[in-house]
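The values are calculated or read from the model by the stated rules, or taken from the named source; none is laboratory data. Everything quoted here is computed from the prediction, not taken from an experiment. With ideal geometry, Cβ positions are generated from the backbone for all residues, glycine too; neighbour counts draw on all protein chains shown.
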Amino acid sequence: MAAKENNLNIVALCDLIPANMAEKITMCGLSADIKQYTDYKQMLDEEELDLVAIATESGKHAAIALDCIEKGIHVIIEKPIALSLEDADAIISAAERKGVKVCACHQNRFNKSIQKIREALEQGRFGRLFYGTAHIRWNRGRTYYEQAPWRGTWEQDGGALMNQCIHNIDLLRWMMGDEVTEVVAYTDRLNHDYIEAEDFGIALVKFKNGAYGIIEGTTNVYPANLEETLYIFGEKGTVKAGGKSVNIIEEWVFADQLDDPEIIKAQFHENPPNIYGFGHKPLYADMIAAIENNRQPYVDAQAGRRAVELVLAIYKAAADRGPVQLPLDRCSTMDFVNRFNFGKKGKE
């Protein structure tokens, strides 16, 4: 829908299941005679494409992206950009070599609330950053995983942190200075004995600038999604973005008193119909502008890699039962196969 809203000429769809394409055509009001493929490589060979959006299983993102890049096609890659740092680095290297733009689909960066917080951060209104917290308190049940058997697997997905929580993890890292030096963490599978990966994770993050981060993510909240919140605490400011997907400013206090907190909370308040929010349209618009003006997209491949790196660092710290130093050069979700005793709840 974001592609249509930005007046892109949608020339082809690709899905292994034709019924999925038919559903998208109806939902988005596309032409019934639009080209449809079940083999993306055939599509790349037969169509003249400028931009491809990749929204497959997470474990297939990198291979498809690399095939597109080799043909000189720009790509928007759904989160996560890859499931290994090696694949993320391959995407970055190939894009630089081919002169191709890569956008990581972390659309929550475009939330009105997040943009306002970022503006205050860049203006230095927080002063010294002390710490930030990211809380993702959601629910996913058996039906969700049965709809797509790749979900919750180490090979194609990862767990709650990599799938559901990575958006807010991305925001926390971005806001707190991006450069992480150390992570300590616990992960567990408390309530989903039918998946391989975690449904709960907590982590402490130390940033190079001396600030700290706290991450709490789960898909075990009863009985439905509760909230996704981001707090930023600084020497001269305190902010909270909340709602279902950090789309509401709930706290806004600064020592400079440059604005009325109640007005800010009223102006930067969105009520999206679902957790996906309204960020996809501006993300696509930015990618179009990046291609037309030969600049990097607002959320580029390096940003996508940083989000993946932090999740993998959490996985590694939990598995190693000790601090993990960043940057990481190599790590993959496949490093954690058999991390939990598949088919049984609780720790391995």
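Of the residues making up segment 119-164, those that are touching a helix residue (DSSP H, G or I) at 6+ places or on another chain (Cβ under 7 Å) and in a strand (DSSP E or B) number 3. Could you count how many residues in segment 12-35 are assigned to a strand (DSSP E or B) and surrounded by fewer than 16 Cβ atoms within 10 Å (Cβ to Cβ)? Here the count works out to 1. Would you confirm whether any residue within segment 97-115 is touching a residue at least 24 places away in the same chain (Cβ under 8 Å), more than 23 Å from Q156 (Cα to Cα) and small (G, A, S)? Scanning segment 97-115, I find at least one residue that is touching a residue at least 24 places away in the same chain (Cβ under 8 Å), more than 23 Å from Q156 (Cα to Cα) and small (G, A, S), so the answer is yes. Taken over segment 282-306, the criterion of being part of a helix (DSSP H, G or I) and either touching a Leu at 6+ places or on another chain (Cβ under 8 Å) or at pLDDT below 95 (or both) is satisfied by Y284, M287, I288, I291, R305. Pairs linking a residue in segment 306-329 that is assigned by TED's automatic domain parsing to the domain that holds T181 to a residue that is among the hydroxyl-bearing types (S, T, Y) and modelled with pLDDT of 95 or more, with Cβ atoms under 7 Å and 6 or more positions apart or on different chains, are I314/T187; Y315/T187; A318/Y186; A318/T187; Q325/T181; L326/T181. All conditions but one from (1) over 21 Å from A120 (Cα atoms); (2) surrounded by fewer than 18 Cβ atoms within 10 Å (Cβ to Cβ); (3) in contact with a helix residue (DSSP H, G or I) (Cβ under 7 Å, 6 or more places away or on another chain); (4) without any contact (Cβ under 8 Å) to a residue 60 or more places away in the chain apply to D199; the one that does not is (2). Could you list all residues from segment 69-86 that are surrounded by 17 or more Cβ atoms within 10 Å (Cβ to Cβ) and closer than 18 Å to N294 by Cα? Listed by number, the residues that qualify are I69, I73, H74, V75, I76. When each of I77, I92 is tested for being of a type outside the set (S, T, N, Q), in contact with a strand residue (DSSP E or B) (Cβ under 6 Å, 6 or more places away or on another chain) and at pLDDT 95 or above, the lone residue that passes is I77. Report yes if some residue within segment 234-241 is hydrophobic (A, V, I, L, M, F, W, C), in contact (Cβ under 8 Å) with a residue 24 or more places away in the chain and out of contact with any helix residue (DSSP H, G or I) (no Cβ under 6 Å at 6 or more places or on another chain); otherwise report no. Checking segment 234-241: not a single residue is hydrophobic (A, V, I, L, M, F, W, C), in contact (Cβ under 8 Å) with a residue 24 or more places away in the chain and out of contact with any helix residue (DSSP H, G or I) (no Cβ under 6 Å at 6 or more places or on another chain).
For segment 24-44, check the following and say yes or no: at least one residue is farther than 30 Å from L328 by Cα and acidic (D, E).
To start, the set of residues in segment 24-44 that are farther than 30 Å from L328 by Cα comprises 24-44.
Then drop every residue that is not acidic (D, E), which leaves 33, 39.
Yes; the residues of segment 24-44 include at least one that is farther than 30 Å from L328 by Cα and acidic (D, E).
Taking the numbered list (1) farther than 19 Å from H106 by Cα; (2) at pLDDT 95 or above in turn, A53 passes all entries but (1).
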